[in-house]
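Worksheet: one structure, shown below.
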Amino acid sequence: MPAEDLDEGATITTNIKQPVITLLSPLQVMKKPVQRGRKKGICCQSVNHRLSKPVNGETNHSITDYFPVRRSVRKSKKVVLEEKQRDLENKVLCQVEDGLEIKNFPGKGRGVITTREFAKGEFVVEYIGELINQGEAKEREELYAQDQNTGCYMYYFQHRNQQYCVDATAETDKLGRLVNHSRTGNLIARIVEVNSIPHLVLTAKEDIPIGVEVSYDYGDRSRESIRHHPWLAL
């Protein structure tokens, strides 16, 4: 239909019920009071209220509803050390000797080599023998010294202010007793207490590749020991 002139304040209503558009004359706009201060605060509150209402039947969501909060899974140093200790204790109880085999070395006799890689700090083998006190160990050492064919398989150590000795002289199939001495060895001896009993274990001093002989420093520098076993000075 052709456009018609409208009087001031006239209202246009279409066939569609919503929205209703009201046209105001410039005079009415000028006369409309401008409210500030408290009115402005009410207006802001009403906007916030509208935003919290559902839109098209949907509720507002937090970003964490779509992207879960990532929680740290890093273990504390204390937890890591406790896990390593439990792992050592378990391997001692199971007498683990995986990744090792016996090899004969010309002029030196038997030794132990790796059949897999060992990482620094990893358990390698336990020095298994009979745990005795220092007094009994000295008596046995004098007895063993009478037989030149008897090797040195006694390891002295101190634990909780007491002197102990692991005597592995008796022939067994345990590999730890065959690990040779070297002042620059790739293993280091440690004491692991399991069920209140100290055990002597050998761990990797460094990363050890496959096919390498494992050895450690026996630590005995006494003149008497070196006199009977000169290789201790090597």
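Of note, ASP207 does not satisfy the criterion of being surrounded by 12 or more Cβ atoms within 10 Å (Cβ to Cβ), at pLDDT below 95 and out of contact with any Asp or Glu (no Cβ under 6 Å at 6 or more places or on another chain). Would you check which residues across the stretch 74-85 are surrounded by fewer than 10 Cβ atoms within 10 Å (Cβ to Cβ) and either assigned to a helix (DSSP H, G or I) or in contact with a strand residue (DSSP E or B) (Cβ under 6 Å, 6 or more places away or on another chain) (or both) and list them? LYS77, LYS78 - these are the residues of the stretch 74-85 that are surrounded by fewer than 10 Cβ atoms within 10 Å (Cβ to Cβ) and either assigned to a helix (DSSP H, G or I) or in contact with a strand residue (DSSP E or B) (Cβ under 6 Å, 6 or more places away or on another chain) (or both). Looking only at residues of the stretch 140-159 that are in contact (Cβ under 8 Å) with a residue 12 or more places away in the chain and part of a loop (DSSP other than H, G, I, E, B), we find that the one that is farthest from VAL92 (Cα to Cα) is THR150.
Here is a yes/no grid of residues against (1) farther than 21 Å from ILE102 by Cβ; (2) in a strand (DSSP E or B):
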site	(1), (2)
CYS165	yes, yes
GLU171	no, no
GLY185	no, no
ARG190	yes, yes
GLU193	yes, yes
HIS199	yes, yes
THR203	no, yes
GLY211	no, no
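Residues that are among the basic types (Lys, Arg) and at positive phi within the stretch 132-182 comprise just one, ARG160. In the stretch 96-118, of all residues being closer than 12 Å to LYS174 by Cβ and either exposed (fewer than 12 other Cβ atoms within 10 Å of the Cβ) or among the hydrophobic types (A, V, I, L, M, F, W, C) (or both), the one that is nearest to the chain's Cα centre (by Cα) corresponds to VAL96.
If we scan the stretch 167-188, do we find a residue that is in contact with a Leu (Cβ under 8 Å, 6 or more places away or on another chain), more than 14 Å from THR114 (Cβ to Cβ), of a type in the set (A, V, I, L, M) and surrounded by 17 or more Cβ atoms within 10 Å (Cβ to Cβ)? No, there is no match, as no residue in the stretch 167-188 is in contact with a Leu (Cβ under 8 Å, 6 or more places away or on another chain), more than 14 Å from THR114 (Cβ to Cβ), of a type in the set (A, V, I, L, M) and surrounded by 17 or more Cβ atoms within 10 Å (Cβ to Cβ). Farther than 25 Å from ASN90 by Cα, of a type outside the set (Val, Ile, Thr), touching a residue at least 60 places away in the same chain (Cβ under 8 Å) and out of contact with any helix residue (DSSP H, G or I) (no Cβ under 6 Å at 6 or more places or on another chain): is that true of ALA137 in this structure? So ALA137 does not fit the description; no. Given the condition in contact with a Cys (Cβ under 9 Å, 6 or more places away or on another chain), under 27 Å from LYS84 (Cα atoms) and modelled with pLDDT of 90 or more, answer yes or no: does some residue in the stretch 157-178 qualify? Among the residues of the stretch 157-178, at least one is in contact with a Cys (Cβ under 9 Å, 6 or more places away or on another chain), under 27 Å from LYS84 (Cα atoms) and modelled with pLDDT of 90 or more, which makes the answer yes. Only one of the listed residues (GLY121, GLY151, GLY129) is within 30 Å of LEU81 (Cα to Cα), surrounded by 12 or more Cβ atoms within 10 Å (Cβ to Cβ), out of contact with any Asp or Glu (no Cβ under 8 Å at 6 or more places or on another chain) and among the small types (Gly, Ala, Ser). That residue is GLY121.
The values are calculated or read from the model by the stated rules, or taken from the named source; none is laboratory data. Note that the coordinates shown come from a computational prediction; the quantities given were computed from them, not determined experimentally. Don't worry about glycine lacking a Cβ; one is built from the backbone with ideal geometry, like all the others, and counts go over all protein chains shown.
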